[in-house]
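Peer 1: Next up is a structure, given as structure tokens.
The values are calculated or read from the model by the stated rules, or taken from the named source; none is laboratory data. Note that this is a predicted model, so its numbers are computed, not measured. When we count neighbours, we look across all protein chains shown, and the Cβ atoms used for this are built from the backbone with ideal geometry, even at glycine.
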């Protein structure tokens, strides 16, 4: 069985207060992209589950998802899960969460409480269970699906070194960034009104922003160069996605995004062009 685990783009991210559980309230437009990890699931060679992700070291959220399924009584024979990483790691694109959600989908009809497991694994995992254009609230666990957006494409600029989400949020706290509940809810209402009818985000670029940008720039000042390069290449808007360090530029279609990527300075040769992956 071959699965796709789409990257997640934060078209905007509004930061709210820190909650009692240590997480922050957010309001964000999540959009799955054609950029995706490829996951192959087959029978394990051993008498235990195996998760293999060549080139990526350290804890693997997909392995944690598989262990959570087993703890809930999933009885399928041991499986081997091999992940071909195409989504850059620690880039603010939700790659690990997408992989974990794809694993959870294997047992969605066989195990109860998959949504609860997703929320426990990570704030971005619940939205990835059914990748779709959505207005996301809470710390990421409240997912309100919206009509698929009109056409657009993105150019992604991802530095070789990633950023820790926890460090970016901690820096945001240190800098005093964010909004109170009233301003957060008002922002969500504006997003819902603008995006809820399926318009392209190019029609509401004035609402697209990321309250974590200042924190990400504080930790990784070179992100400003990526934003400037995308603007110079003709992006309607250039932003940081998630907690960074990936910067993205918004374009009217794939052809325009391809042209812009080709016009970027040589140091951005690793630019990725992608489009929304949405079911209509």
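Peer 1: Of the numbered conditions (1) within 23 Å of residue 226 (Cα to Cα); (2) at pLDDT 95 or above; (3) within 14 Å of the chain's Cα centre (by Cα), residue 164 satisfies every one except a single condition; which is it?
Peer 2: Against the list (1) within 23 Å of residue 226 (Cα to Cα); (2) at pLDDT 95 or above; (3) within 14 Å of the chain's Cα centre (by Cα), residue 164 comes up short only on (2).
Peer 1: Among the strands (runs of 3 or more DSSP E) confined wholly to the range 50-160, which include 1 or more residues that are closer than 30 Å to residue 203 by Cβ and touching a residue at least 40 places away in the same chain (Cβ under 8 Å)?
Peer 2: The qualifying strands (runs of 3 or more DSSP E) are 134-137, 142-145, 153-157.
Peer 1: Okay, moving on. I'd like to verify a number: residues in the range 212-252 that are assigned to a loop (DSSP other than H, G, I, E, B), free of Cβ contacts under 8 Å to residues at least 40 places away in the same chain and within 19 Å of the chain's Cα centre (by Cα), how many? Break it down into steps so the answer makes sense when it comes.
Peer 2: Restricting attention to the range 212-252, the residues satisfying the condition of being assigned to a loop (DSSP other than H, G, I, E, B) are 212, 220-222, 233-237, 241-246, 252.
Subset that is free of Cβ contacts under 8 Å to residues at least 40 places away in the same chain: 221, 234, 236-237.
With the extra rule that they be within 19 Å of the chain's Cα centre (by Cα), the set shrinks to 237.
The qualifying residues number 1.
Peer 1: Same structure again: Select from the range 187-208 the residues that are loosely packed, with under 13 Cβ neighbours inside 10 Å and assigned to a helix (DSSP H, G or I) and list them in ascending order.
Peer 2: Scanning the range 187-208 gives 189, 193, 206.
Peer 1: Here is a further query. Taking the range 25-63 only, how many residues are surrounded by 22 or more Cβ atoms within 10 Å (Cβ to Cβ), more than 15 Å from the chain's Cα centre (by Cα) and under 30 Å from residue 176 (Cα atoms)?
Peer 2: Count: 0.
Peer 1: Let me ask something else. Could you tell me which numbered condition residue 94 fails, if it satisfies all but one of (1) surrounded by 17 or more Cβ atoms within 10 Å (Cβ to Cβ); (2) on the phi < 0 side of the Ramachandran plot; (3) within 14 Å of the chain's Cα centre (by Cα)?
Peer 2: Just one mismatch for residue 94, condition (2).
Peer 1: I'm trying to understand the selection: among the residues of the range 73-88, which are touching a helix residue (DSSP H, G or I) at 6+ places or on another chain (Cβ under 9 Å) and either crowded, with 16+ Cβ neighbours inside 10 Å or farther than 20 Å from residue 54 by Cα (or both)?
Peer 2: 74, 76, 79, 81, 83, 85, 87, 88
Peer 1: Still on this model: Let me confirm something: among 134, 101, which residue is at pLDDT 95 or above and farther than 20 Å from residue 2 by Cα?
Peer 2: 134
Peer 1: If you don't mind, another one. Take residue 170 and decide whether it is surrounded by 13 or more Cβ atoms within 10 Å (Cβ to Cβ) and at pLDDT 95 or above.
Peer 2: It is true that residue 170 is surrounded by 13 or more Cβ atoms within 10 Å (Cβ to Cβ) and at pLDDT 95 or above.
Peer 1: Looking at (1) without any contact (Cβ under 8 Å) to a residue 40 or more places away in the chain; (2) in contact with a helix residue (DSSP H, G or I) (Cβ under 8 Å, 6 or more places away or on another chain); (3) outside any loop (DSSP other than H, G, I, E, B), find the lone condition where residue 267 falls short.
Peer 2: (2)
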